[in-house]
1. Scan segment 28-78 for residues that are small (Gly, Ala, Ser) and modelled with pLDDT of 95 or more and report the count.
2. Inside segment 21-47, can you point out the residues that are open to solvent by less than 60 Å² (accessible area, probe 1.4 Å), in contact (Cβ under 8 Å) with a residue 40 or more places away in the chain and either in contact with a His (Cβ under 8 Å, 6 or more places away or on another chain) or among the aliphatic types (A, V, I, L, M) (or both)?
3. Please list, ordered by first then second residue, the pairs with beta carbon atoms under 8 Å, 6 or more apart or interchain, first in segment 52-78 and without any contact (Cβ under 8 Å) to a residue 12 or more places away in the chain, second open to solvent by less than 80 Å² (accessible area, probe 1.4 Å).
4. Tally up the residues in segment 36-70 that are under 10 Å from the mean Cα position of the chain (by Cα), in a helix (DSSP H, G or I) and not aliphatic (A, V, I, L, M), please.
Amino acid sequence: MAECNIDHGQEDVKKKLISQEEFLPDDLVVKMHIYLKDIRPQEELNEVFHLLKKYDLASEQEQEERNEKLRNYVAEIE
């Protein structure tokens with residue numbers, strides 16, 4: 001993914017998650033909402049935003065790679 005110099009706020013990330021929910025695995029959607037209830041470092045928010053951005057347009061292989069990266073952020077959530 002290309003570097004982006006824009007900082008994405010927590011609400012921006014939540015909105016992006018909501019816009020991509022129907023394309024993401026259900027378990028990951030639930031965990032991402034829990035993850036975003038807490039304040040997160042700006043670097044993480046930017047990364048998560050870009051993993052979610054245009055998720056629906058990504059190939060199946062690309063989606064799986066993004067899922068794995070997103071799961072790393074929510075690994076501690078049961």
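The values are calculated or read from the model by the stated rules, or taken from the named source; none is laboratory data. Computed from a prediction, not measured in an experiment: that's the story for all the values here. Neighbour counts run over all protein chains shown; Cβ positions are idealised from the backbone, glycine included. Just the protein is used for accessible areas: all its heavy atoms, side chains included, with ligands, DNA and RNA removed. Shrake-Rupley method; radii C 1.70, N 1.55, O 1.52, S 1.80 Å.
1. Step one: of segment 28-78, the residues small (Gly, Ala, Ser) are 58-59, 75.
Right, trim to modelled with pLDDT of 95 or more and you get 58-59.
Adding up the residues that qualify gives 2.
2. Across segment 21-47, the qualifying residues are LEU24, LEU28, MET32, ASN46.
3. ALA58/ARG66
4. Filtering segment 36-70 down to residues under 10 Å from the mean Cα position of the chain (by Cα) leaves 36, 44-53, 55, 66-67, 69-70.
Then keep just the ones that are in a helix (DSSP H, G or I); that gives 44-52, 55, 66-67, 69-70.
Adding the requirement that they be not aliphatic (A, V, I, L, M) leaves 44, 46-47, 49-50, 55, 66-67, 69.
Adding up the residues that qualify gives 9.
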